[in-house]
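The values are calculated or read from the model by the stated rules, or taken from the named source; none is laboratory data. A quick note: this is a predicted structure, and the numbers were derived from the prediction, not measured. Cβ: placed from backbone, ideal geometry, glycine included. Neighbour counts: every protein chain shown.
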Amino acid sequence: MKIRVDYNEKISKLNNEIVKMGIFVEQALNKAMDSLVDMDIELAEEVISEDETINNMEISIEDHCILLIATEQPVAGDLRILITALKISTQLERMGDHAVHIAKGVIRLLKENNTGKNPLFNMPEMAAIVKEMLHRVLNAYIEKDAEEARSVALLDNEVDLIHNKVIRDVFEKLMSTQEDQQNATTLLFINMFLERFGDHIKNICEWIVYSTTGEHVELG
């Protein structure tokens, strides 16, 4: 019995590491979007400098999972939990990278247009949905709530709709001059990285369903 208690404590610690990493990613996204809205180069640079912390968290989680697989030799549901943790840490690390790309886009916009005045179209709205998705998916992971994961994944459809609308609006309204075209290209990249957040969160949702039910699904 004590062996099982010890194992459960190790899994609990692993879950806490995943959630902590998710919170750091959420903070990175918040700072990246704030830097975009306020055209704040210092905040953008902060996002870039803090990315190493997220990368190190992924490495720590990978090491934790590998150690548990090697020492505990889990099977069935226990093995699914560890595989899911590995997959989720990878998705979170990529989201951290996307926050960095957004921050770099802010710096590029300031260099291309030092007034810092650029229309953001519906990107703040898209970011708000992504933040909700990330917050809810972390809760679904902790609660092992497959139905909530399925519900969160559906929100990616809203993200995709806004993403496509932003593309149309950028082409319609920001192609009159060479300077506008340069800004438009950067804004389109930022829009793309925001949309990818939704894709990675949807992937996490699919892994939560797998972890809790053993079923491989494609959500959305």
For segment 78-100, does any single residue satisfy the condition of being closer than 20 Å to ALA127 by Cα and in contact with a Leu (Cβ under 6 Å, 6 or more places away or on another chain)?
yes
Working carefully through the options GLU195, GLU206, find the one that is in a helix (DSSP H, G or I) and either farther than 19 Å from ALA76 by Cα or among the polar types (S, T, N, Q) (or both).
GLU195
So, in segment 1-43, how many residues would count as being aromatic (Phe, Trp, Tyr) and either modelled with pLDDT of 95 or more or out of contact with any helix residue (DSSP H, G or I) (no Cβ under 9 Å at 6 or more places or on another chain) (or both)?
1
I need the full set of residues from segment 94-109 which are β-branched (Val, Ile, Thr) and more than 14 Å from the chain's Cα centre (by Cα), in order please.
VAL106, ILE107
Could you look through segment 192-220, keep only residues that are among the aromatic types (Phe, Trp, Tyr) and crowded, with 23+ Cβ neighbours inside 10 Å, and pick out the one that is farthest from LEU86 (Cα to Cα)?
PHE197
Looking at LYS20, LYS111, LYS31, which is the one that is surrounded by fewer than 18 Cβ atoms within 10 Å (Cβ to Cβ), within 19 Å of HIS135 (Cβ to Cβ) and among the charged types (D, E, K, R)?
LYS20
Within segment 35-77, count every residue that is part of a helix (DSSP H, G or I), closer than 25 Å to PRO124 by Cα and over 16 Å from the mean Cα position of the chain (by Cα).
11
LEU68 is checked against (1) over 20 Å from VAL209 (Cβ atoms); (2) modelled with pLDDT of 95 or more and fails just one. What number does that condition carry?
(2)
List every residue pair whose Cβ atoms sit under 8 Å apart, with the two residues 6 or more apart in sequence or on different chains, where the first one lies in segment 9-26 and is without any contact (Cβ under 8 Å) to a residue 40 or more places away in the chain and the second, anywhere, is aliphatic (A, V, I, L, M).
LYS20/MET57
Return the total of residues in segment 78-124 being aliphatic (A, V, I, L, M), part of a helix (DSSP H, G or I) and under 30 Å from ILE162 (Cβ atoms).
12
List pairs: first in segment 164-175 and under 17 Å from THR186 (Cβ atoms), second aromatic (Phe, Trp, Tyr), Cβ under 8 Å, 6+ apart or cross-chain?
VAL166/PHE121; ASP169/PHE121; VAL170/PHE121
Just wondering, is there one or more residues in segment 138-146 that are without any contact (Cβ under 8 Å) to a residue 60 or more places away in the chain, over 20 Å from the mean Cα position of the chain (by Cα) and assigned to a helix (DSSP H, G or I)?
no
Answer yes if at least one residue in segment 4-25 is more than 26 Å from ARG136 (Cα to Cα) and not in a helix (DSSP H, G or I), and no otherwise.
no
Suppose the filter is over 30 Å from ASN118 (Cα atoms) and free of Cβ contacts under 8 Å to residues at least 40 places away in the same chain; does GLU58 pass it?
yes
With the structure loaded, tell me whether ILE61 is over 16 Å from SER211 (Cβ atoms), of a type in the set (Val, Ile, Thr) and out of contact with any Cys (no Cβ under 9 Å at 6 or more places or on another chain) or whether it fails that test.
no
Quick check, is GLU172 in a helix (DSSP H, G or I) and crowded, with 16+ Cβ neighbours inside 10 Å?
no
